[in-house]
Amino acid sequence: MRIGIVGVGVVGSSVVRILQQNKEVIAARAGEEIIPVKGVVRSLGKQRNVDISLYSDIESVLNDDSIDTIVELMGGVDEAFIVAKKTLGAKKRLVTANKALLAYHRYELQEIAGEIPIGFEASVAGGIPIIKALRDGLGANHILEISGILNGTCNYILTKMLYENIDYATALQEAQHLGYAEADPVFDVGGIDAAHKLLILASLAYGIDAKPDDILIEGITKISNDEIAFAREFGYSIKLLGIAKRQNNQVELRIHPAFIKNAEMLSRVDGVMNGISVVGDCVGETMFYGAGAGGDATASAVISDLIEIARSKGAPMLGFKKPFESGLYLRSQEEIQSRYYLKAEVADKTGVLAQIAKILSEEDISINSLLQQNGMNDAKILLSTHYALEKNIKCALKRLGELPVVLSEPLMIRIKD
Ligand SMILES: NC(=O)c1ccc[n+]([C@@H]2O[C@H](COP(=O)([O-])OP(=O)(O)OC[C@H]3O[C@@H](n4cnc5c(N)ncnc54)[C@H](OP(=O)(O)O)[C@@H]3O)[C@@H](O)[C@H]2O)c1
């Protein structure tokens, strides 16, 4: 197999180095040698420690007839989509780590590809082989639920806040200093990166076509030390979770911070690590844990796709030979049910709690546990609820926010049981 690599940055450099370092074992598994022939970068003048011929012109790689497989590692959506289409148009096989591209264009790419294989193991959870697990290993199952910690930057920040008692801004700064978070971290902390990955997993599990705008996406920017205190008091950790859940003929897809009981395995997935729980109707719960990012871990997944393609184990990109479960549709965000944590900053007066309880009861929401923190002239009410409907919680939040005794916009975080 002779490959061209479009984008020789963090992941691309690792792909080249590992293909050279582990040449024998990779060739033994693939049944042939996988040779990195040409790479494409934006700037040829940049100092790089990578042993491959570099070009700045994408066409010189796409039009090289001696190259049969293109590895797209440039990132972004529009330009990468053009590269992917040209690759498939030239009947070359495609491997990509680009979750943003797939969040928008996976179904179009599958359609264009037809029988040409597309590998995308590296697009979700870096080194964890979750794509092959869902598409192949768990192929016998109806997938009931996927819950994943899919963004290492958010997990690092939340872990630091919980165990080292530092605030959100300081934890974010540390993540940036260590190179986990970008200078503009909005894609990570806003939940968008995790949403891209969840959409890919949902296609494999349910064959459902949704775009980022269709699903509930909340990031971690509102998590403060109050929520950390509540988590400690009641035995939870806080994680940014991606949840894909099937109930009857509906699938709900959501990204948001959630409290998780300390006894749950996902609550032990700390620091930059990723963890994914998949529940199948035959197998029960399976857990996947590992490095969700980093050059070598991601390259490990990229190369696994190259090996699979070299073995000619062709399968449609998203796993289904023919559409199935066509009766499944995306659940509306309003109909999601969860337990909830609510925080309200209130005037320290008698009767405040009664006013809050009245609104919750009118919205069919019952309280599970409650913590009150008193300040000089005000107080914070932190509470968890039993199961309630998302639309009822949103109404209750609006009504609570309008109470004169509630001093700032109340906060809600979902609890994962
Ligand atoms: N880094 C990770 O841990 C990780 C994990 C999972 C998935 N991914 C995905 O893997 C992909 C690559 O990520 P990365 O971290 O390796 O990115 P990166 O370090 O920024 O590398 C991107 C590479 O693409 C080149 N490039 C960008 N636009 C180009 C263009 N228009 N023409 C030619 N070359 C272009 C860049 O050239 P220059 O070097 O000249 O700038 C660079 O070599 C992304 O889709 C990312 O989401 C990354």
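The values are calculated or read from the model by the stated rules, or taken from the named source; none is laboratory data. Just so it is clear, the structure is predicted and the values come from calculations on it, not from any experiment. Glycine also receives a Cβ, built like all others from the backbone with ideal geometry; neighbour counts cover every protein chain displayed. Keep in mind that these areas ignore ligands, DNA and RNA; they rest on the heavy atoms of the full protein, side chains included. Shrake-Rupley method; radii C 1.70, N 1.55, O 1.52, S 1.80 Å.
Odds and ends about this structure:
- Total residues in the stretch 160-201, condition buried (at least 20 other Cβ atoms within 10 Å of the Cβ) and within 20 Å of V269 (Cβ to Cβ): 20
A quick yes/no check of all residues on (1) of a type outside the set (G, A, S); (2) closer than 19 Å to K211 by Cα; (3) buried (at least 24 other Cβ atoms within 10 Å of the Cβ):
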{"residue": "S60", "(1), (2), (3)": "no, no, no"}
{"residue": "K91", "(1), (2), (3)": "yes, no, no"}
{"residue": "Q110", "(1), (2), (3)": "yes, yes, no"}
{"residue": "G127", "(1), (2), (3)": "no, no, no"}
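- Criterion (touching a helix residue (DSSP H, G or I) at 6+ places or on another chain (Cβ under 7 Å) and assigned to a strand (DSSP E or B)) met by exactly one of V37, V50, V71: V71
- Among the residues making up the stretch 112-125, those that are assigned to a loop (DSSP other than H, G, I, E, B) and either over 19 Å from V8 (Cα atoms) or open to solvent by 30 Å² or more (accessible area, probe 1.4 Å) (or both) are G114, E115, I116, P117, V124, A125.
- Residue match in the stretch 320-328 (condition: more than 30 Å from Q250 (Cα to Cα) and open to solvent by 30 Å² or more (accessible area, probe 1.4 Å)): no
- Residue that is nearest to the ligand (Cβ to nearest atom) [pool: residues in the stretch 276-317 that are surrounded by 22 or more Cβ atoms within 10 Å (Cβ to Cβ) and farther than 27 Å from V25 by Cα]: I276
- Within the stretch 36-74, considering residues that are small (G, A, S) and in contact (Cβ under 8 Å) with a residue 12 or more places away in the chain, the one farthest from the ligand (Cβ to nearest atom): S66
- Any hit, the stretch 204-215, residues being within 16 Å of the ligand (Cβ to nearest atom) and either under 17 Å from the mean Cα position of the chain (by Cα) or at pLDDT 95 or above (or both): yes
- Residue in the stretch 143-160 that is modelled with pLDDT under 95 and outside any helix (DSSP H, G or I) present: no
- If you go through the stretch 225-262 and keep only what is part of a loop (DSSP other than H, G, I, E, B) and either at pLDDT below 95 or among the acidic types (D, E) (or both), you end up with N248, N249.
- Single residue of the stretch 75-99 satisfying the filter (part of a loop (DSSP other than H, G, I, E, B) and farther than 24 Å from R311 by Cβ) that is farthest from the ligand (Cβ to nearest atom): V77
- First in the stretch 100-116 and away from the ligand (no atom under 14 Å from the Cβ), second anywhere and open to solvent by 20 Å² or more (accessible area, probe 1.4 Å), Cβ under 7 Å, 6 or more apart: Y107/D209; Q110/P316; I112/K85; E115/G314; I116/K91; I116/R93
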